[in-house]
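The values are calculated or read from the model by the stated rules, or taken from the named source; none is laboratory data. None of the values given here were measured: they were computed from a predicted structure. All Cβ positions, glycine included, derive from the backbone under ideal geometry; neighbour counts span all protein chains shown.
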Amino acid sequence: MLLKTITLISKVSDTMGEENIMSKPISKKHSGNPVDSTEQSKSGHRGLAILVLLCFLGIMPVLVWVSLPETSTYTSVTTSNPMVQTAAAAAGLQICSQNAITVDVPGAQNAVLYQLSPDCTETSPSTTVQILVVGFSSTDAQNSAIAEAQATHQNWQATNTEAFTSGYNVIVVQGAPGNEAVQQIGDSLIEQGAVRIF
């Protein structure tokens, strides 16, 4: 029986192309062990993956900075503001004049004053609506100007005046007391995404 077992072990060893089973080392630290080289290979791949990931994370801020547009997503104030044109049409008014003006407010980049009326050939102070659109350089400058205006003109809402923000722009709509076109313009501006200033 012992002879059969030894013969069987010998045949198995020969068919596997290995040395005698008894001669294999028990420790995994043996350099010839194929399992060790696989683990080293996996470890090397992990290290490479971590290195690539760190390089990618390091360059990511540069990629984001380069991909940003050179100008703001908000449009600057021009004499053909589509929000004002749409609001005027919604209120049944015509744009009689639109003039670029200078506004002495810190952070204000440009401003346009619109005169609206139901009929530009026969304007009347009771039916005329003025819209002032001021573009600011930043949100901080815009918020500072709004706070200063609210402190200076505390009764601005009692004078049939409404104010809105849209992006970096402040839109002030003013009409004669009782002129409902101011509220109609305000409703249209809100529908277009403007935010009312209280």
Of residues in the stretch 169-181 being crowded, with 22+ Cβ neighbours inside 10 Å and not small (Gly, Ala, Ser), the one farthest from HIS153 (Cα to Cα): ASN169
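Tell me whether the stretch 130-139 contains one or more residues that are closer than 19 Å to SER97 by Cα, β-branched (Val, Ile, Thr), in the same structural domain as ALA91 (by TED's automatic domain parsing) and surrounded by fewer than 16 Cβ atoms within 10 Å (Cβ to Cβ).
The first filter runs over the stretch 130-139 and keeps only residues closer than 19 Å to SER97 by Cα, leaving 130-135.
Next, from what is left, pick out any that are β-branched (Val, Ile, Thr): 131, 133-134.
Those left that are additionally in the same structural domain as ALA91 (by TED's automatic domain parsing): 131, 133-134.
In the following step, the residues that additionally are surrounded by fewer than 16 Cβ atoms within 10 Å (Cβ to Cβ) were identified as none.
The answer is no; no qualifying residue exists.
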Any hit, the stretch 146-166, residues being small (Gly, Ala, Ser), surrounded by 19 or more Cβ atoms within 10 Å (Cβ to Cβ) and assigned to a helix (DSSP H, G or I): no
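Being among the small types (Gly, Ala, Ser) and outside any helix (DSSP H, G or I) is the filter; apply it to the stretch 182-198 and report the residue that is surrounded by the most Cβ atoms within 10 Å (Cβ to Cβ).
Of the residues in the stretch 182-198, the ones among the small types (Gly, Ala, Ser) are 186, 188, 193-194.
The next check asks that each one be outside any helix (DSSP H, G or I); those that pass are 193-194.
Working: GLY193: 10, ALA194: 21.
Among those that are among the small types (Gly, Ala, Ser) and outside any helix (DSSP H, G or I), it is ALA194.
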So VAL182, is it at pLDDT 90 or above, in the same structural domain as PRO106 (by TED's automatic domain parsing) and closer than 18 Å to SER117 by Cβ: yes
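Considering the stretch 113-140 alone, what residues qualify as being outside any loop (DSSP other than H, G, I, E, B) and touching a helix residue (DSSP H, G or I) at 6+ places or on another chain (Cβ under 8 Å)? Quick ask: steps written out before the conclusion?
Residues of the stretch 113-140 that are outside any loop (DSSP other than H, G, I, E, B), as a first pass: 113-117, 129-136, 139-140.
Hits for the stretch 113-140 are TYR114, LEU116, VAL129, ILE131, VAL133, VAL134, PHE136.
Determine which member of the set ASP119, ASP140 is farther than 24 Å from GLY193 by Cα and among the acidic types (Asp, Glu).
Numbers: ASP140 fails: farther than 24 Å from GLY193 by Cα.
The unique qualifying residue is ASP119.
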Scan of the stretch 94-129 for residues that are exposed (fewer than 14 other Cβ atoms within 10 Å of the Cβ), farther than 23 Å from GLY178 by Cβ and in contact with a Ser or Thr (Cβ under 9 Å, 6 or more places away or on another chain), ordered by number: ASN99, ALA100, PRO106
Count of the stretch 81-93 residues which are surrounded by fewer than 18 Cβ atoms within 10 Å (Cβ to Cβ) and closer than 16 Å to VAL182 by Cβ: 4
Any hit, the stretch 61-81, residues being touching a strand residue (DSSP E or B) at 6+ places or on another chain (Cβ under 8 Å), of a type outside the set (Ser, Thr, Tyr) and either at pLDDT below 65 or not in a loop (DSSP other than H, G, I, E, B) (or both): yes
